[in-house]
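Q: Have a look at the structure that comes next, please.
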Amino acid sequence: MEQNIKKVNVSQLRPGMYVHDLNCGWMDHPFLANRFQINDLDTIKRITEMGVKELYIDTGKGADVGSAQTREEVIADLQQRLQRVGAEPSAAAPPKVTAREERVYAERVEREASRLVTSIMQDVRLGKQIEAERVNHVVDGMVSSIFRNPHALMSLGRIREMDKYTFEHSVSVGVLMISFAKELGLERSVIQEIGVGALLHDIGKIKTPDNILNKPGKLTDDEFAIMRQHVVYSREVLEQTNGISATALAVAAQHHERYDGSGYPLKLKGDEISRYGQMAAIVDVYDAISADRCYRKGEEPTIVLRRLLEWSKFHFNEALVHQFIRCVGIYPVGTLVRLESGRLAIVLEEGEKGPLFPQVRVVYDANKRQFITPRDIDLSNPTARSGDDRIINCESAEKYGIKVPVFMDSH
């Protein structure tokens, strides 16, 4: 029962409690599962040493903490906070074209970026130097697309092939970092450097053995240590590459550092981590958790944003998390949402009144469990037919057999 699931601080843990969720979806950890009984103080010590600050226990399977919030209460609070943060106006200039108009060019840019990352990783494996000019050319195309409309490229990042995770993750982090930097009002030259670092942030994974990199099960302690070395390798490769800026290097070298010092490889804390490293930590986690992997299904972007908000209490820069939420929007383009009427719709564009009232394409009636003739409505315009509907929450497209890219390209 949901009432049995409660959130507690690690200082409240005692033997006899049952861990329901370690609440560290962004963290590599040595436990075989997220759920287990605490039988001794050594287990609590290991959890604390991991850097976990708060987690969820199941009081139906173990000891209780009377004053703790239930998970339902935590989620309700986080959703309210997410709505408040998301409703704040973006500081970025409005898009120059619609996401639909930009999509054709964005698809070409995305393909070019994917080919580049694949090619570079092959070159590095063969001991060849990275050609910074090639990277800069591709990143310039990404920046141009994002300056016209960031939502076109960002929505493409949700269409993945699980066996190409490493390559597609690199491109998606590049897109998100460029969009994030634009949201923060940084100079275009700095945004370009951030994009280069983001596109190459995982280049060190080429030195990680495939049996560890693609292992579908839990890693051993020794395998964790090897996996974490990819950040060190990325830094080393980029330090030896002509034309790579200090900004790009910071993105790659610090994307696994955490604000409370629980990250790696250097356990940097607070402003010891550059602003660009703090941004990269947020973006890397957002993309990793929302993507499908060989061993688990990705979570809906709205749910991941809620998690980032929860984790920003300790692990991320809270102000930057708020700005990232405004950058991608609570319901990013391509998200399937449930409307108050019971209809399901795909988010097409941000509306005039902001991210809570986007333009959507209605495609399914959840009450009747059947597809309906697609129709576009603007939720920010209540005078339009059915425009007075509103979003209740996000939904899983897979659950209803809805192929989002097909419907987005159908008009």
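All of the numbers you see were taken from the coordinates with simple rules; none came from a lab. Here the structure is a predicted model, which means the values were calculated and not measured. Cβ sites come from the backbone with ideal geometry, for glycine too, and all protein chains shown count toward neighbours.
Q: Which of Ile120, Asn23, Met279 sits closest to the plus end of the dipole of the chain, meaning its Cα is farthest towards the positive end, when Lys and Arg get +1 and Asp and Glu get -1 on the C-beta?
A: Asn23
Q: To two decimal places, what compactness ratio does region 336-408 give when its Cα radius of gyration is scaled by 2.2 N^0.38 Å?
A: Working: Rg = 11.2 Å, N = 73, 2.2 N^0.38 = 11.2 Å.
Here the answer is 1.00, to two decimals.
Q: Net charge within 10 Å of Tyr259 by Cβ-Cβ distance, Lys/Arg positive one each and Asp/Glu negative one each, not counting Tyr259 itself?
A: Working: positive: Arg258, Lys269, Lys313; negative: Glu257, Asp260, Asp271, Glu272, Glu318.
It works out to a net charge of -2.
Q: Next question, about the same structure. What size of dipole, in debye to the nearest 20, comes out for the chain about its Cα centre when the only charges are +1 on Lys and Arg C-beta atoms and -1 on Asp and Glu C-beta atoms?
A: 540
Q: In percent, how large is the relative contact order of region 287-411, given Cα pairs closer than 8 Å and 6 or more residues apart?
A: Result for region 287-411 is 19 percent.
Q: Could the peptides 355-363, 17-25 be put in order, highest first, of the mean number of other beta-carbon atoms found within 10 Å of their residues?
A: Listed from highest to lowest mean packing, they are 355-363, 17-25.
Q: Let me ask something else about it. For P(r) over Cα pairs in 10 Å bins from 0, in percent, several values are listed as (i) 5, 25, 36, 25, 8, 1, 0; (ii) 5, 21, 31, 26, 14, 3, 0; (iii) 4, 18, 20, 10, 6, 10, 13, 11, 6, 2, 0; flag the one computed from this structure.
A: Here P(r) over Cα pairs in 10 Å bins from 0, in percent agrees with entry (ii).
Q: Order 242-248, 37-43 from most to least packed using the mean count of other Cβ atoms within 10 Å.
A: Result, highest mean Cβ count within 10 Å first: 242-248, 37-43.
Q: Between Glu349 and residues 5 or more places away or on another chain, which pairs have amide H atoms under 5 Å apart, with H built 1.01 Å from N, and which residues are they?
A: For Glu349, whose amide H was placed from the backbone, the distant partners under 5 Å are Gln359.
Q: In addition: For the chain, list the DSSP H helices whose alpha carbon atoms reach 27 Å or more along the long axis and whose average Kyte-Doolittle value is -1.0 or above?
A: Working: long enough: 99-125 (38 Å, -0.84); 221-239 (28 Å, -0.42).
Helices meeting the span and hydropathy rule in the chain are 99-125, 221-239.
Q: How long are the three semi-axes of the equivalent ellipsoid for region 2-67, computed from the Cα gyration tensor as the root of 5 times each eigenvalue, in whole Å, largest first? Numbers along the way, then the final one.
A: Values: eigenvalues 59, 32, 24 Å².
Calculated on Cα positions only, the semi-axes equal 17, 13, 11 Å.
Q: In percent, what relative contact order does region 336-408 have, based on Cα pairs under 8 Å that are 6 or more apart in sequence?
A: With pairs under 8 Å counted, the relative contact order is 31 percent.
Q: Working out 0.36 nm times the residue gap between Asp77 and Asn242, then minus their Cα-Cα distance, what length gain in nm do you get to one decimal?
A: 54.6 nm
Q: To continue, here is another question. FRET efficiency for Lys96 and Glu133, Cβ-Cβ distance as r, R0 = 41 Å, nearest 0.05?
A: Efficiency, rounded to the nearest 0.05: 0.90.
Q: For the chain, calculate the relative contact order in percent as a whole number, restricting contacts to Cα pairs under 8 Å that are 6 or more residues apart. If you can, show how the numbers build up before the last one.
A: Working: 717 pairs, mean separation 53.1, N = 411.
For the chain, the relative contact order is 13 percent.
Q: Further, regarding this structure: Do the alpha carbons of any pairs in Lys6/Lys218; Lys207/Lys297; Lys218/Lys269; Lys215/Lys269; Lys7/Lys269; Lys182/Lys353 sit beyond 23 Å of each other, and which pairs?
A: Among Lys6/Lys218; Lys207/Lys297; Lys218/Lys269; Lys215/Lys269; Lys7/Lys269; Lys182/Lys353, the Cα-Cα distance tops 23 Å for Lys6/Lys218; Lys207/Lys297; Lys218/Lys269; Lys215/Lys269; Lys7/Lys269.
Q: Could you order peptides 170-178, 215-223, 255-263 by the average number of other Cβ atoms within 10 Å of their residues, highest first?
A: Working: 170-178: 27.9, 215-223: 11.9, 255-263: 22.0.
So the peptides 170-178, 215-223, 255-263, ranked by packing, come out 170-178, 255-263, 215-223.
Q: Pull out the extension gain between Asn367 and Leu266, defined as 0.36 nm times the separation in residues minus the alpha carbon to alpha carbon distance; nm, one decimal.
A: Value of the extension gain: 31.1 nm.
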